[in-house]
Amino acid sequence: MKILAVCGGLRQESNTNKLVRKIAEASGVDYEIADLGKLEVKPCTGCSDCMMNEGKCPIEDDMQGLYGKLLEADGIILGSPTYFMNISGAVKCFIDRSLALFYRGIGPMYDPDMPFMGQRPLAGKFGVIVTTVAGAGHEKTIVELALCMGTSQRLNLVAEIAEAIGMNDVDDMPEVIKRAEAAGKKLGDALRKK
Ligand SMILES: Cc1cc2nc3c(=O)[nH]c(=O)nc-3n(C[C@H](O)[C@H](O)[C@H](O)COP(=O)(O)O)c2cc1C
């Protein structure tokens, strides 16, 4: 049993990433960190090669390694900082590139009447989504993350964390840490029950 914990903050001291790590630790399940700050994930070009070529994306970068890790994971945590009241560009690149997985012949169809929408290989995996913000916009970001990872990718989201933290370090905010740990425990319990 394994969790893939995707840290979408690119800052060394990213509060978002600190919460992603807390959630993963609190789950009590083996986890692997995918730190987008240390990986190269280029934007999707919309070439449609993946649709025609069994889900193979022609862009040679670190997303190639993440495809397999996403498919192998039982649980997925995804964190994005809130930028301009939305997910960050780096996280959007990661989500857009995950489209290739829809064409690998794995998982339920998105809609049998729309075969071009592909399949959903991550359907039913447990997930937690996370965002942090200085002041405002995190409510919108968490809705966007839920749409991408829940409605579209069909993860079973067991917790959604959206925290306004001002200019603080999240390590100095025990209530926020407590909520992240509770989310992690919920994820771990869901995975152990499976
Ligand atoms: C490009 C950019 C856009 C931002 N947009 C917002 C915003 O819309 N609302 C807000 O309150 N804070 C905004 N912030 C502040 C971040 O949301 C906040 O610092 C967040 O916690 C950063 O996450 P991190 O610590 O994981 O890097 C923005 C910061 C950057 C760099």
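Read-outs: derived from the displayed coordinates by stated rules, not from any lab. Bear in mind that the values here come from a model prediction, so they are computed numbers and not experimental data. Glycine gets a Cβ as well: all are built from the backbone with ideal geometry, and neighbour counts include every protein chain shown.
When the chain is treated as a GNM, springs tying every alpha-carbon pair under 10 Å, which of P43, P81, P115 comes out with the largest mean-square fluctuation?
Top of the fluctuation ranking is P115.
In Å and on Cα atoms, what radius of gyration and Dmax does the stretch 1-54 show?
14.7, 41
Too long at a 20 Å Cα-Cα cut-off: which of K2/K22; K69/K140; K18/K193; K2/K186; K38/K69?
K69/K140; K18/K193
Using 0.36 nm times the number of residues separating M1 and D35, minus their current alpha carbon distance, what extension gain do you get?
The M1-D35 span can extend by a further 10.2 nm.
Strictly greater than 26 Å: what percent of every Cα pair in the stretch 7-158 meets that?
The calculated P(r) of the stretch 7-158 puts 22 percent of pairs beyond 26 Å.
Using only the alpha-carbon atoms, how far is helix 15-27 inclined from the longest principal axis of the chain? Give it as 0 to 90 degrees, nearest 10.
Here the helix axis deviates by roughly 80 degrees.
Using a basic spin-label model with each label point 7 Å from the Cα along Cα→Cβ, how many nm lie between D113 and D171?
5.3 nm
Enumerate the residues in the stretch 118-135 having an amide nitrogen under 12 Å from the point lying 7 Å beyond the Cα of L71 toward its Cβ.
Answer for this model: 121-122.
Between N156 and E60, what is the label-to-label distance in nm when each label sits 7 Å out along the Cα-to-Cβ direction?
The two pseudo-label positions are separated by 4.0 nm.
Testing the spin-label approximation: label points 7 Å from Cα along Cα→Cβ at E13 and K42. State their distance in nm.
3.4 nm
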